[in-house]
Amino acid sequence: ALLSPGAQPLAGKHALVTAGPTHEPIDPVRYIANRSSGKQGYAIAAALAVLGARVTLVSGPVGLPDPRGVTVVRVESAREMLAACEAALPADIAVMAAAVADWRVAREATQKLKKTPGAAAPTLEMALNPDILATLSHHASRPGLVVGFAAETEAVVEHATAKRLRKGCDWIVANDVSGDVMGGDRNTIHLVTAAGVEDWPELPKAAVAERLAARIAGAVAPPPPG
Ligand code: CTP
Ligand code: CA
């Protein structure tokens, strides 16, 4: 169903969105990160706000302006992102678009690591980060609709379908990243739900966001019958 312009079907709903990369500190001046631009998550936060939702955007370090009408909570590490998400609950909708670092450095150095002449390069021991999507999916205050992302380079729908079940979320927005899309402005999406798979055409990230927001509105705020 098409929404009429200016309709606010998500009025009164709280949506929690994550976006961007996380930075995992090595020492006070170094970190491990990934190539997420944050563009898709920011566009989704903006699109949900346009439909009337109160939106909390928990964002890793990105160079993007705050979307209009959205409350932005800025974090660096995965553990800070999880804490900010839990602090933002309760929410009706959660959309986890962040590219969370799977691992962090096990012991962050409190002083800058120094080169010692003749000494070997340091070896970094890694520790598994908390899974924010899985944690929210099994939370005592679980949002009514939990949406995860999956960036895949092969067997996109198979991997995304397995991920949906493993994480316990309701939908997976599977993003085909086999081309050169990291940091780009377009995405090819397969929406994986309990009912099956919807294949979307290649779209600009803003159009993906609008389509997902409308789909979310249809699921959590169905139009009254008649
Ligand atoms: N995610 C998360 N917390 C993590 C890792 C991932 O919340 N520590 C979320 C992402 O925001 C995304 C979804 O889980 O919504 C899938 O992330 P992805 O990296 O594709 O899945 P992983 O389970 O980490 O599997 P892998 O990277 O091995 O494919
Ligand atoms: Ca991962």
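Just so you know, all these numbers are worked out from the coordinates, no wet-lab data involved. Here the structure is a predicted model, which means the values were calculated and not measured. Counting neighbours? That spans all protein chains shown, and the Cβs are built from the backbone with ideal geometry, glycine included.
Before moving on, here are some points about what is shown:
- ASN129 satisfies every condition listed in (1) touching a helix residue (DSSP H, G or I) at 6+ places or on another chain (Cβ under 7 Å); (2) near ligand 1 (Cβ under 10 Å from one of its atoms); (3) within 15 Å of ILE172 (Cα to Cα) except (3).
- Number of the exception - TRP171 against (1) out of contact with any Leu (no Cβ under 9 Å at 6 or more places or on another chain); (2) closer than 17 Å to ILE93 by Cβ; (3) hydrophobic (A, V, I, L, M, F, W, C): (1)
- Considering region 165-206, and only residues there that are out of contact with any Lys or Arg (no Cβ under 6 Å at 6 or more places or on another chain) and in a helix (DSSP H, G or I), the residue that is surrounded by the most Cβ atoms within 10 Å (Cβ to Cβ) turns out to be LYS167.
- Set side by side, the residues VAL95, VAL50, VAL62 differ, and just one is within 21 Å of VAL146 (Cα to Cα) and either within 11 Å of ligand 1 (Cβ to nearest atom) or in contact with a strand residue (DSSP E or B) (Cβ under 8 Å, 6 or more places away or on another chain) (or both), which is VAL95.
- Some residue of region 98-108 being farther than 28 Å from VAL220 by Cα, among the aromatic types (Phe, Trp, Tyr) and either in contact (Cβ under 8 Å) with a residue 24 or more places away in the chain or in contact with a Phe, Trp or Tyr (Cβ under 9 Å, 6 or more places away or on another chain) (or both): yes
- Region 174-203: number of residues that are within 27 Å of ASP92 (Cα to Cα) and among the hydroxyl-bearing types (Ser, Thr, Tyr): 2
- Residues in region 150-164 that are exposed (fewer than 15 other Cβ atoms within 10 Å of the Cβ), within 16 Å of ligand 2 (Cβ to nearest atom) and part of a helix (DSSP H, G or I): ALA162 alone.
- Residue match in region 61-73 (condition: out of contact with any helix residue (DSSP H, G or I) (no Cβ under 8 Å at 6 or more places or on another chain), in contact (Cβ under 8 Å) with a residue 24 or more places away in the chain, within 16 Å of ligand 2 (Cβ to nearest atom) and not aliphatic (A, V, I, L, M)): no
- Taken over region 73-88, the criterion of being among the hydrophobic types (A, V, I, L, M, F, W, C) and within 11 Å of ligand 1 (Cβ to nearest atom) is satisfied by ALA78, MET81, LEU82, CYS85.
- Scanning region 87-124 for residues that are basic (Lys, Arg) and either more than 16 Å from ligand 2 (Cβ to nearest atom) or more than 21 Å from ASN34 (Cβ to Cβ) (or both) returns ARG107, LYS112, LYS114, LYS115.
- Residue match in region 23-33 (condition: part of a helix (DSSP H, G or I), out of contact with any His (no Cβ under 7 Å at 6 or more places or on another chain), of a type in the set (A, V, I, L, M) and within 16 Å of ligand 2 (Cβ to nearest atom)): no
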